[in-house]
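A short worksheet on the structure shown next.
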Amino acid sequence: MCGIVGYIGQDQSQEILLKGLEKLEYRGYDSAGLALLNDDGVYVSKVKGRIAALREAVDENKKATMGIGHTRWATHGAPSHENAHPHQSASGQFTLVHNGVVENYMEVREAYLPNVAMKSETDTEIVVQLIEHLNEQMNDVAAAFRKAVDLLKGSYAIALIDSQNPETIYVAKNKSPLLIGLGDGFNVVASDSMAMLQVTDQFLELMDKETVIVQRDAVTIQKPDGSKVDRDPFTAELDATDIEKGMYPHFMLKEIDEQPFVIRKIIQEYQNENDEIKLDPEIRQAMKECDRIYIIAAGTSYHAGLLGKQFIEKLANIPVEVHVASEFSYNMPLLSEKPLFVYISQSGETADSRSVLVQTKELGHPALTLTNVPGSTLSRESDYTMHLHAGPEIAVASTKAYTAQMAVLAILAVDTARAKGIELEFDPMQELGIVANAMEALTDQKEAVEELASEFLPTTRNCFFIGRGVDYYVGLEGALKLKEISYIQAEGFAGGELKHGTIALIEEGTPVIGLATQEKVNLSIRGNIQEVEARGANSCIITMKGLEKDGDNFIIPKVHELLTPLVSVVPMQLISYYAALHRDCDVDKPRNLAKSVTVE
Ligand code: F6R
């Protein structure tokens with residue numbers, strides 16, 4: 001969702017800000033803008049649409065060594081030029097960018113700004129007008145800034161510039177991610193270290209409710225009570241080339257292809273020199289001690305959670321419930337006596353999951369987060385973290401993070417089983433090695449999948465995925481991938497449920513993709529396929545070596561039955577990719593979606 005960048009230093013800031021915004025494009029946005037400050041005053045440029053349009057709109061001759069920039073994902077008010085950030089106060093003295101949602105913006109407006117005419121429909125404009133209003137009373141910008149953020153309820157990451165002071169960017173954060181990057185003679189602000197890796201790899205984390213004065217040679221962090229905070233920077237462990245597309249036309253295709261390497265990296269990271277599972281002993285203990293696991297996640301991560309339940313229940317014999325984060329917040333089930341909460345989140349920033357984490361921490365329950373971003377909010381606020389080691393995932397549609405989540409969950413399940421003295425014949429590292437090879441064999445068959453996609457999904461309005469058991473869960477993920485990037489209305493169904501309603505939707509030519517990778521349900525799902533074919537469906541069967549029948553469309557290599565989802569999802573990802581490509585969709589940046597969903 002929204003992204004923020006800021007720069008104050010010696011160099012020309014416009015290009016640094018534009019490059020930074022380009023690196024934040026992956027988060028999803030619908031408008032963008034920047035503000036530069038020099039001796040002539042503030043220059044603001046903003047557009048509805050992509051950063052490429054902003055590049056065309058800006059005056060490239062504007063020189064300024066400080067500025068702020070923003071990508072906006074609309075919450076209050078439609079995507080438009082007026083609602084795009086930066087927003088300015090009535091006099092033009094203050095210019096501000098903001099991520100998040102100010103929940104009490106109407107109350108603030110009524111209490112402090114009843115006579116101020118607003119130019120936009122955003123909650124953000126209230127904040128910048130409030131700062132101006134408070135500064136008129138206090139005549140101290142830093143104090144007015146602190147007072148203003150103290151009055152705000154909700155989530156925010158804010159960067160503010162004052163046209164009368166080109167030496168300072170004022171920054172604040174609550175619940176929304178924001179980092180300060182440190183340099184020699186310059187400092188930067190960024191929602192994500194990726195945006196500013198171009199100039200530094202040294203970053204300072206910010207905690208909720210802190211405010212920061214960012215200058216060329218100094219960064220001062222303050223707690224809400226005004227006390228100063230000393231904090232050591234961390235080194236962003238990203239290689240700038242990790243976030244480039246290289247020879248690939250799209251990040252999604254690159255990330256699909258990276259999956260075998262990610263699985264091998266996970267094997268390396270979670271194995272010690274004696275070939276034992278390497279895991280924080282406290283996580284092992286927490287898993288062993290709990291009487292029930294509650295997996296909390298959203299979207300694709302939720303689908304990984306459904307498979308995590310299979311691994312943990314089957315291997316470690318612990319009951320598991322899997323919950324959609326946004327539902328759990330309002331509808332908490334009766335909890336067991338010793339629950340362990342497991343949060344699965346690629347970004348580690350999903351507001352819905354975080355809201356559950358806040359609630360369960362208040363109840364005193366331990367939390368483990370599986371994430372691709374170890375310094376993220378969910379990771380910091382949980383008791384324990386397991387890193388997914390998938391490398392940055394830039395395409396909005398999650399691929400390699402999903403398979404990484406399943407691999408890490410399988411390792412966790414086996415480790416827990418062993419810690420509980422359960423004997424298993426299943427060697428997760430060996431089996432994951434076989435999975436990595438199988439994935440490689442599949443990513444080498446892109447042409448066949450492309451053909452399949454153009455045969456089954458050229459102009460269709462909808463598409464169904466059916467499976468039983470774990471194949472059903474992979475079908476849910478296949479459907480989500482297809483709908484989010486190709487905009488084909490796609491749904492995943494349990495094969496057995498078809499007759500209970502869904503089959504009414506099948507008509508001549510309806511594409512139905514059937515997954516048949518599990519021996520015990522192979523025949524029943526094939527029966528379901530025949531039922532839809534009898535009603536005119538255009539069916540396609542994805543099966544596993546050893547279970548294939550004449551006429552099957554795609555055969556995945558043989559892997560351990562428990563781990564088939566890691567492999568059978570690869571053709572699904574590729575089918576979605578090619579379907580989107582054939583329909584001229586923006587594969588990496590699908591409409592209306594954001595990579596990091598930081599509002600509830
Ligand atoms: C779909 C997708 C989303 C995310 C969901 C949760 O491809 O990426 O469904 O899985 O928004 O995000 P994280 O995993 O960052 O919590």
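Under a 1.4 angstrom probe, counting protein chains only, how are 231, 591, 27 ranked by accessible area, largest first? All intermediate terms of the calculation are to be shown ahead of the outcome.
Working: 231 65, 591 140, 27 5 Å².
The residues order as 591, 231, 27, largest area first.
In whole Å, what is the distance between the alpha-carbon centres of the range 173-236 and the range 324-394?
Cα centroid of the range 173-236 versus Cα centroid of the range 324-394: 24 Å apart.
Evaluate E = 1/(1 + (r/R0)^6) for residue 520 and residue 383, where r is the Cβ-Cβ distance and R0 equals 30 Å; express this FRET efficiency to the nearest 0.05. Display every interim value, and only then the final one.
Working: r = 38 Å, r/R0 = 1.25.
With R0 = 30 Å, the Cβ-Cβ based efficiency is 0.20.
Can you compute the equivalent ellipsoid semi-axes for the range 2-245, i.e. the square root of 5 times each eigenvalue of the Cα gyration tensor, sorted largest first and rounded to whole Å? Provide the component values of the computation, followed by the final result.
Details: eigenvalues 122, 87, 59 Å².
Each semi-axis is √(5λ); the values are 25, 21, 17 Å.
Suppose R0 equals 51 Å; then what is the FRET efficiency for residue 63 and residue 313 from their Cβ-Cβ distance, rounded to the nearest 0.05? Show your work: numbers first, answer last.
Details: r = 62 Å, r/R0 = 1.22.
Given R0 = 51 Å and the Cβ-Cβ separation, E is 0.25.
With a sphere of radius 15 Å drawn around the Cβ of residue 492, what net charge do the other residues whose Cβ falls strictly inside it have (Lys, Arg +1; Asp, Glu -1)?
Numbers: positive: 468, 481, 483; negative: 471, 477, 484, 491, 497.
Result for the neighbourhood of residue 492: -2.
By the gyration tensor of its Cα atoms, with a ≥ b ≥ c the square roots of the eigenvalues, what is the shape of the range 128-195: rounded for a/c under 1.5, prolate for a/b over b/c, or oblate?
Details: a/c = 2.99, a/b = 1.35, b/c = 2.22.
Note, shape of the range 128-195 comes out oblate.
Taking every pair of alpha-carbon atoms in the range 470-564, give the share separated by more than 16 Å as a whole percent. Display every interim value, and only then the final one.
On the way: 2466 of 4465 pairs.
More than 16 Å apart: 55 percent of the Cα pairs in the range 470-564.
Write down the accessible area per residue of the chain in Å², having rolled a 1.4 Å probe over the full set of protein chains.
Numbers: 23470 Å² over 600 residues.
Accessible area per residue, the chain: 39 Å².
How far, in degrees from 0 to 90, does helix 351-362 lean away from the longest principal axis of the Cα atoms of the chain, to the nearest 10?
It is inclined by approximately 90 degrees.
Between beta-carbons, use under 15 Å as the cut-off and find the net charge around residue 543, counting Lys and Arg +1, Asp and Glu -1.
Working: positive: 468, 520, 526, 545, 549, 558; negative: 471, 519, 548, 550, 552, 561.
Here the charged neighbours net out to 0.
Taking Cα atoms, how many degrees apart are the long axis of helix 141-151 and the longest axis of the chain, rounded to 10 and kept between 0 and 90?
40
Mind pulling the angle between the C-alpha long axis of helix 299-311 and the longest principal axis of the chain? Nearest 10 degrees, somewhere in 0 to 90.
Compared with the principal axis, the helix lies near 40 degrees.
Pop a pseudo-label 7 angstrom from the Cα along the beta-carbon direction at both residue 272 and residue 237 and give the gap in nm to one decimal.
1.8
Expressed as a whole percentage, what fraction of the accessible surface of the range 2-245 belongs to carbon and sulfur atoms when a 1.4 Å probe is rolled over the protein heavy atoms? Let's see the in-between values first.
On the way: 4320 of 9750 Å².
Roughly 44 percent of what the probe reaches on the range 2-245 is carbon or sulfur.
When a/c reaches 1.5 or more, the comparison of a/b and b/c decides; with that in mind, is the range 248-442 rounded, prolate or oblate per its Cα gyration tensor?
On the way: a/c = 1.86, a/b = 1.18, b/c = 1.58.
Taking the square roots of the gyration eigenvalues as a ≥ b ≥ c, the range 248-442 is oblate.
Could you compute the net charge surrounding residue 184? Neighbours are other residues with a C-beta less than 12 Å from the C-beta of residue 184; K and R count +1, D and E count -1. Please list the in-between numbers first.
Details: positive: 216; negative: 11, 217.
Net local charge, residue 184 excluded: -1.
The values are calculated or read from the model by the stated rules, or taken from the named source; none is laboratory data. A quick note: this is a predicted structure, and the numbers were derived from the prediction, not measured. Note that we place each Cβ from the backbone using ideal geometry, even for glycine, and neighbour counts take in every protein chain shown. Remember, those area values only see protein heavy atoms, side chains included, never the ligands or the DNA or RNA. Shrake-Rupley method; radii C 1.70, N 1.55, O 1.52, S 1.80 Å.
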